[in-house]
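Visitor: One structure is given below, represented as structure tokens, and several questions about it will come after.
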Amino acid sequence: MAAERTEAMSARLDDLEAIEAAIWRELESAARIRNHPWRVGVLATIDGDAADARSVVLRDLHTATRTLLIYLDPRSPKARQIAAHPLGTLVMWSATMGWQLRLRAHLTVQASGLEVSSRWARMKMTPGAQDYLSPLPPGSPIAHPNPERGSREHFAVMSVKVLAVDWTEVHAQGHRRAQFDELGRRWVSI
Ligand SMILES: Cc1cc2nc3c(=O)[nH]c(=O)nc-3n(C[C@H](O)[C@H](O)[C@H](O)COP(=O)(O)O)c2cc1C
């Protein structure tokens with residue numbers, strides 16, 4: 001990550017293709033490295049006729065298919081929102097790079113299957129497993145802040161298939177913004 005961070009920061013890239021490649025390299029780092037500034041993003045979804053948003057952890061990435069993976073409880077409100085409206089936006093910000101990403105994406109939630117069970121097999125060995133062992137769905141009213149854990153997991157994997165990237169660079173020598181989507185790459189005004 002250090003080398004990539006240096007690349008993004010010191011050599012100010014001018015070429016859109018190089019910037020797009022650097023974005024995906026940084027996302028790969030974020031999926032691997034716990035304290036990467038893009039490790040936690042804010043995922044916005046559609047809740048009926050309102051917006052909703054929350055922090056999520058980037059767990060994995062398939063660069064070839066432009067797909068990010070996030071873990072969640074399949075009983076959560078966000079899972080219900082995604083089932084009704086599968087479009088969302090994942091926002092990431094790195095003060096170190098001065099880079100904001102707004103990733104417009106198609107979202108799908110998988111709660112069963114080989115990929116989910118093999119990821120749970122790894123996850124259940126970690127302290128983070130408790131997030132998926134609550135007997136109650138997320139957001140249920142409770143009498144105490146630390147309710148007991150159940151033994152049955154409620155674990156799902158969200159695929160975030162990126163359709164468009166909106167990149168903004170905040171920089172002392174002038175801010176820049178570019179977009180990358182199925183129509184190509186372009187500079188746009190801030
Ligand atoms: C730093 C941070 C990281 C989080 N990561 C996740 C995550 O990866 N998956 C998840 O379901 N919730 C995560 N949460 C909790 C969500 O932000 C949210 O509070 C919870 O999932 C309920 O969201 P919902 O009501 O929109 O479904 C995280 C919260 C914080 C503060």
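The values are calculated or read from the model by the stated rules, or taken from the named source; none is laboratory data. All values derive from a computational prediction rather than experimental measurement. Reconstructed Cβ throughout: ideal geometry from the backbone, glycine too, with neighbour counts over all protein chains shown. Accessible surface areas use protein heavy atoms only, side chains included; no ligands, DNA or RNA. Shrake-Rupley method; radii C 1.70, N 1.55, O 1.52, S 1.80 Å.
Visitor: Out of everything in the stretch 103-127 that is outside any helix (DSSP H, G or I) and open to solvent by 70 Å² or more (accessible area, probe 1.4 Å), what residue ends up being nearest to Leu43 (Cα to Cα)?
Guide: Residues of the stretch 103-127 that are outside any helix (DSSP H, G or I), as a first pass: 103-113, 124-126.
Narrowing the set further to residues that are open to solvent by 70 Å² or more (accessible area, probe 1.4 Å) leaves 104, 106, 110, 112, 124-125.
Numbers: Arg104: 10, His106: 12, Gln110: 17, Ser112: 22, Lys124: 24, Met125: 26 Å.
Residue satisfying both the conditions and the ranking: Arg104.
Visitor: Let me ask something additional. Of everything in the stretch 69-102 that's β-branched (Val, Ile, Thr) and not in a helix (DSSP H, G or I), which residue is surrounded by the most Cβ atoms within 10 Å (Cβ to Cβ)?
Guide: Per the stated criteria, the residue is Thr89.
Visitor: Now a separate question. Return the only residue of Pro145, Pro135 being more than 13 Å from the ligand (Cβ to nearest atom), open to solvent by 60 Å² or more (accessible area, probe 1.4 Å) and under 15 Å from Asp73 (Cβ atoms).
Guide: None of the others qualify; the one that does is Pro135.
Visitor: Taking the stretch 12-38, which residues are over 14 Å from Trp99 (Cβ atoms) and part of a loop (DSSP other than H, G, I, E, B)?
Guide: Within the stretch 12-38, Asp14, Asp15, Ile33, Arg34, Asn35 meet the criteria.
Visitor: Which of (1) open to solvent by 30 Å² or more (accessible area, probe 1.4 Å); (2) out of contact with any strand residue (DSSP E or B) (no Cβ under 6 Å at 6 or more places or on another chain) is the odd one out, the single condition Arg66 does not satisfy?
Guide: (2) is the only condition that Arg66 fails.
Visitor: Just for the stretch 53-78: of the residues that are within 7 Å of the ligand (Cβ to nearest atom) and of a type in the set (A, V, I, L, M), which one is farthest from Leu90 (Cα to Cα)?
Guide: In this case the residue turns out to be Leu72.
Visitor: Okay, moving on. Please specify each residue of the stretch 146-190 satisfying the condition of being aliphatic (A, V, I, L, M) and either in contact (Cβ under 8 Å) with a residue 24 or more places away in the chain or touching a Lys or Arg at 6+ places or on another chain (Cβ under 9 Å) (or both).
Guide: Within the stretch 146-190, Ala156, Val157, Met158, Val160, Val162, Leu163, Ala164, Val165, Val170, Ala178, Val188, Ile190 qualify.
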